[in-house]
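To start, the structure itself, in structure tokens.
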Ligand code: GLY
């Protein structure tokens with residue numbers, strides 16, 4: 001049976017990991033607010049690019065998540081952020097990697113998408129572009145949470161700590177609160193975006209999957225959109241976001257099947273952990289993850305109330 005189109009539609013995530021019991025409520029409230037803000041834009045005819053940017057700004061400003069304020073520190077005790085956004089109609093994309101002193105890297109990514117001839121700017125170049133376009137700078141302290149300082153101090157006493165071990169050996173205990181959103185507006189344009197502080201104690205300059213188009217983010221309005229969360233090195237190995245899009249292009253556009261198959265590939269080929277949100281060209285949604293929990297929320301034009309889940 002053919003399913004009806006259900007757009008506008010919006011799906012967001014706030015990370016896939018072993019979210020502790022005492023953090024479930026904060027994750028729930030954070031994604032609920034982000035979904036509400038993005039949905040209000042789409043419902044009144046706004047663009048999917050606006051909905052994705054504004055939803056992600058809410059999550060970057062919410063210190064519950066590993067994005068913007070509340071991000072993990074790198075091994076030097078600094079905060080370096082990654083983000084990307086892609087417009088599935090124009091195929092234009094913008095991204096920043098290892099950028100410092102910017103509270104909302106998703107907005108800087110959008111500026112790069114719309115006002116530069118490039119896609120990905122890193123570190124000093126990204127800051128220079130931000131300055132030229134009057135993006136406000138913040139102090140590192142504005143992004144820093146005592147929770148993360150304490151985590152960093154603890155890790156300095158564990159010289160053998162590695163992200164790989166934290167993911168593989170320690171029952172997927174590595175915190176991974178990357179955020180993302182995929183939206184389809186009334187005009188049928190799909191946009192996807194992702195933002196993260198990366199992994200705890202990462203090497204300075206380390207870039208994960210989130211700012212890499214095809215790995216953390218992808219949008220093609222003729223197929224669908226994807227945002228990922230989880231262990232970036234593994235996501236990069238299987239080019240996760242584009243892999244899921246390719247599966248959906250071949251399976252008749254089934255987002256649930258594509259999300260599940262994507263996670264199976266991540267697991268089998270890269271021993272990776274994480275989650276994926278998927279939206280197809282009809283506004284149907286798919287979500288899959290292989291971590292104990294994933295914070296995710298969605299709503300479409302066919303639904304009276306949103307689905308918001310952290311289990
Ligand atoms: N998926 C986020 C990161 O590994 O940086």
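Debye-formula intensities of region 200-311, expressed as log10 I(q)/I(0) at q = 0.09 Å⁻¹, are -0.22 (one equal scatterer per alpha-carbon, no solvent). Global dimensions of region 231-271 from alpha-carbon coordinates: Rg and Dmax equal 9.7, 29 Å.
Legend: calculated FRET efficiency, residue 132 to residue 22, from the Cβ-Cβ distance at R0 = 45 Å, rounded to 0.05, equals 0.60.
Here the calculated FRET efficiency for residue 115 and residue 203, from their Cβ-Cβ distance with R0 = 30 Å, stands at 0.45, rounded to the nearest 0.05. Rounded to two decimals, the Cα radius of gyration of the chain over 2.2 N^0.38 Å is 0.90. Give me log10 I(q)/I(0) at q = 0.15, 0.16, 0.17 Å⁻¹ for region 11-149, Debye formula, one equal scatterer per alpha-carbon, no solvent. Log-scaled intensity ratios, in q order: -0.76, -0.86, -0.96. In the chain, the DSSP-assigned H stretches of four residues or longer account for a calculated mean residue ellipticity at 222 nm of -10500 deg cm²/dmol, using -39500 (n - 2.57) per stretch and the full residue count as denominator.
Note on residue 160 and residue 142: their simple-model spin labels are 4.1 nm apart, each label 7 Å out from Cα toward Cβ.
Semi-axes of the equivalent ellipsoid of region 105-156 are 29, 12, 9 Å, computed as sqrt(5λ) over the eigenvalues of the C-alpha gyration tensor in descending order. Computed over region 159-309, relative contact order equals 19 percent, with contacts defined as Cα pairs under 8 Å that lie 6+ residues apart. Using the Stokes-Einstein relation with a Kirkwood hydrodynamic radius computed over Cα pairs, the translational diffusion coefficient of region 73-198 at 37 °C and a viscosity of 0.692 mPa s comes to 204 µm²/s. Between the Cα long axis of helix 146-156 and the first principal axis of the chain there is an angle of about 60°, rounded to the nearest 10.
Every number here is computed from the coordinates shown, using simple stated rules; none is lab data. What you see is a predicted model; the values in this text were computed from it and never measured. Because the Cβ atoms are built from the backbone with ideal geometry, glycine has one as well, and the counts that use them run over all protein chains shown.
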